[in-house]
Amino acid sequence: MSQDSNQDKDKLWGGRFSEPTDAFVEQFTASVNFDQRMALQDIAGSRVHARMLSKVGVLSQNDCDAIQKGLDEVENDIVSGRFEWSVELEDVHMNIEAALTAKIGDAGKRLHTGRSRNDQVATDIRLYLREQINFIVAEIRRLQSGLLDLAEREFDTIMPGFTHLQVAQPITFGHHMMAWFEMMQRDASRMMDCQVRMNQSPLGAAALAGTSYPIDREFSAEQLGFDQPTRNSLDSVSDRDFAIEFCAASALLMTHLSRCSEELVIWSSAQFDFIELPDRFCTGSSIMPQKKNPDVPELVRGKVGRVNGHLVSLLTLMKSQPLAYNKDNQEDKEPLFDTIDTVRGSLRAFADMMPAITCKKDNMYKAAKQGFSTATDLADYLVRKGLPFRDAHEVVGKAVALGVDTAKDLSEMTLPELQQFSDMISDDVFDVLTLEGSVAARNHIGGTAPEQVKKAVVTGRLLIQD
Ligand code: ARG
């Protein structure tokens with residue numbers, strides 16, 4: 001940065017200053033290196049602001065036309081990579097305004113009438129995030145659609161279901177995938193919900209108190225696709241709830257993905273060996289030739305850390321801030337942008353990877369057989385024969401103890417062996433002791449029966465059509 005360019009006369013706000021900004025302070029306070037991501041939103045806001053000013057008679061039609069044309073050129077320069085961003089001009093807003101004025105002269109200087117960077121930046125972030133949420137929801141839908149395909153393919157594939165990571169009851173793999181689907185369904189809904197609240201136009205709030213020009217805030221709101229103008233100017237320039245809500249929804253989404261990741265890591269280990277991750281989503285070890293590491297799930301599991309961190313950053317940034325705008329708020333962008341990038345990247349990797357995993361059905365089946373996973377079915381069987389559930393629990397506990405001693409699953413015991421624990425047991429017991437019988441019996445809304453998985457897939461396909 002040259003000292004020459006660092007003169008107060010170059011600043012768009014330089015009028016009242018008697019010495020140039022300290023060179024380090026200039027860099028320290030600048031945001032252009034990261035807020036240039038909102039350039040197209042900034043231009044869209046300026047186009048509408050100029051049209052609104054001309055509509056209410058504050059700006060001439062000629063000036064408005066010149067601004068539109070000038071902004072087209074600035075946009076072209078930015079999109080084609082020709083635009084020269086300058087730290088001396090501090091942020092995206094002043095870089096664009098200065099470039100516009102360089103192109104069209106005085107009309108460019110009239111653009112900022114009745115506006116402040118405070119309502120401008122609040123508008124830009126909302127426009128930017130609103131669009132990003134569309135991309136995120138689309139990616140969630142792609143992942144959900146992959147999960148539905150997988151659930152359909154593996155609707156009757158039996159695996160052990162776990163509680164405390166101990167074998168609990170047999171379930172179907174399709175049912176497990178539909179559990180992930182449900183988490184994603186809520187995540188998408190949270191994203192869309194926060195998008196609704198964010199979709200109000202702060203334009204016109206100006207610095208904090210509104211403006212003395214006869215502006216038409218409804219027009220600006222409508223032109224920018226907002227549902228309505230915000231209702232209070234002080235709140236408009238200082239509110240960042242929408243960014244915090246988005247980060248909270250993202251933290252939860254990433255938490256869900258980290259849980260899925262953990263299961264993929266466990267399932268693909270040699271000890272479980274339930275699934276095979278496609279090679280293209282794994283990497284090897286530079287020293288151990290035999291290794292195939294589940295990098296993608298591990299990395300996604302790890303990335304939840306930074307997203308949780310960004311949520312805490314934004315909450316802390318906002319805590320105790322007096323109304324209205326404070327420069328603190330410039331610190332909202334990096335956490336927000338990194339959250340967006342991390343969420344989009346993680347979803348993309350998952351959406352690509354999930355449909356390509358293969359199930360090792362025999363291994364899952366064997367594992368389900370090992371942990372007395374049909375013990376509850378035996379208890380339910382005895383209840384149906386008239387035994388109170390607590391007594392049935394006791395009887396089955398004893399049968400399991402024998403199974404542990406003799407290394408036999410309940411389904412592998414003989415009828416006389418089982419009958420020593422209760423004379424209510426007869427030869428129809430074997431229907432409930434098989435894994436297939438166990439899962440098929442849980443045939444109600446939300447149950448693991450293959451028939452229910454098929455129904456859940458049909459419902460799921462309808463749910464993601466919004
Ligand atoms: N770069 C600033 C931000 O990100 C824009 C608003 C600056 N407003 C001000 N009065 N300094 O928040």
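The values are calculated or read from the model by the stated rules, or taken from the named source; none is laboratory data. This is a predicted model, so every value here is computed, not measured. Here the Cβ is made from the backbone with ideal geometry for all residues, glycine too, and neighbour counts use every protein chain on show. In case anyone asks, the SASA skips ligands and DNA or RNA and just uses the protein heavy atoms, side chains included. Shrake-Rupley method; radii C 1.70, N 1.55, O 1.52, S 1.80 Å.
Ordered by residue, what ³J(HN,Hα) values in Hz, to whole numbers, does the range 168-177 give under the Karplus form 6.51 cos²θ - 1.76 cosθ + 1.60, where θ = phi - 60° and Gly and Pro are x?
Coupling constants for the range 168-177: 10, 9, x, 9, 9, 4, x, 5, 4, 4 Hz.
Which listed residue (VAL296, LEU402, ALA39) has the Cα farthest towards the positive end of the charge dipole for the chain, taking +1 on Lys and Arg C-beta and -1 on Asp and Glu C-beta about the Cα centre?
ALA39
Would you calculate a helix-derived [θ] at 222 nm for the chain, using -39,500 (n - 2.57) for each DSSP H run of n ≥ 4 and dividing by the full residue count, to the nearest 500?
Numbers: 20 runs with 282 residues, N = 466.
Counting only the DSSP helices, I get -19500 deg cm²/dmol.
Rank ALA270, LEU314, PHE281 by how far each Cα sits towards the positive end of the charge dipole of the range 257-333 (+1 on Lys, Arg Cβ; -1 on Asp, Glu Cβ) and give me just the farthest.
Positive-most Cα among the choices belongs to LEU314.
If you roll a 1.4 Å probe over the chain with all protein chains in place, what percent of the accessible area is carbon or sulfur? Don't skip to the answer; put the middle values down first.
Values: 11470 of 22030 Å².
Result for the chain: 52 percent of the exposed heavy-atom area is carbon or sulfur.
Whole number in Å², please: accessible area per residue of the chain, 1.4 Å probe, ligands, DNA and RNA not counted.
Details: 22030 Å² over 466 residues.
Here the residues of the chain average 47 Å² of exposed surface.
Please list, ordered by chain and number, the residues whose modelled amide H lies under 5 Å from the amide H of ILE171; skip anything fewer than 5 residues away on the same chain.
Residues meeting the amide H criterion: MET159, GLY161.
Which loop-located chymotrypsin sites (Phe, Trp or Tyr not before Pro) does the range 203-248 contain, where loop means any DSSP state but H, G, I, E or B and the Cβ has at most 16 other Cβ atoms within 10 Å?
Details: sites: PHE219, PHE226, PHE242, PHE246; in loops: PHE226.
The qualifying sites: there are none.
Mind checking the angle between helix 333-353 and the chain's longest principal axis? C-alpha axes, 0 to 90 degrees, to the nearest 10.
40 degrees
Of TYR365, GLY114, LEU165, which is farthest along the charge dipole of the chain in the positive direction, counting Lys and Arg as +1 and Asp and Glu as -1 at C-beta?
After comparing all options, I get GLY114.
Can you compute the charge dipole magnitude of the chain about its Cα centre, using +1 on each Lys and Arg Cβ and -1 on each Asp and Glu Cβ, nothing else charged? Give it in debye, rounded to the nearest 20.
Numbers: 50 positive and 69 negative charges, 76 e Å.
The calculated dipole for the chain is roughly 360 debye.
Which angle between 0 and 90 degrees, to the nearest 10, do you get for helix 361-370 versus the longest principal axis of the chain when only C-alpha atoms count?
Taking Cα atoms only, the helix is inclined about 60 degrees.
Scanning the chain for trypsin sites (Lys or Arg not before Pro) in DSSP loops with at most 12 other Cβ atoms within 10 Å, what's the longest stretch left with none? Present the calculation step by step, with values, prior to reporting the outcome.
On the way: sites that count: ARG82, ARG231, LYS291, LYS319.
Answer from the scan: 83-230.
Shape of the range 74-128 from its Cα gyration tensor (a ≥ b ≥ c, root eigenvalues): rounded if a/c is under 1.5, otherwise prolate when a/b > b/c, or oblate?
oblate
Rounding to the nearest 10 and keeping the result within 0 to 90°, find how far the Cα-based axis of helix 295-318 lies from the longest principal axis of the chain.
Tilt of helix 295-318: around 50 degrees.
Using only the Cα atoms of the chain, construct the convex hull and provide its projected area averaged over every direction, in square nanometres to one decimal. Don't jump to the answer; show the numbers that get you there.
Numbers: hull surface 120.6 nm².
Mean projected area for the chain: 30.1 nm², to one decimal.
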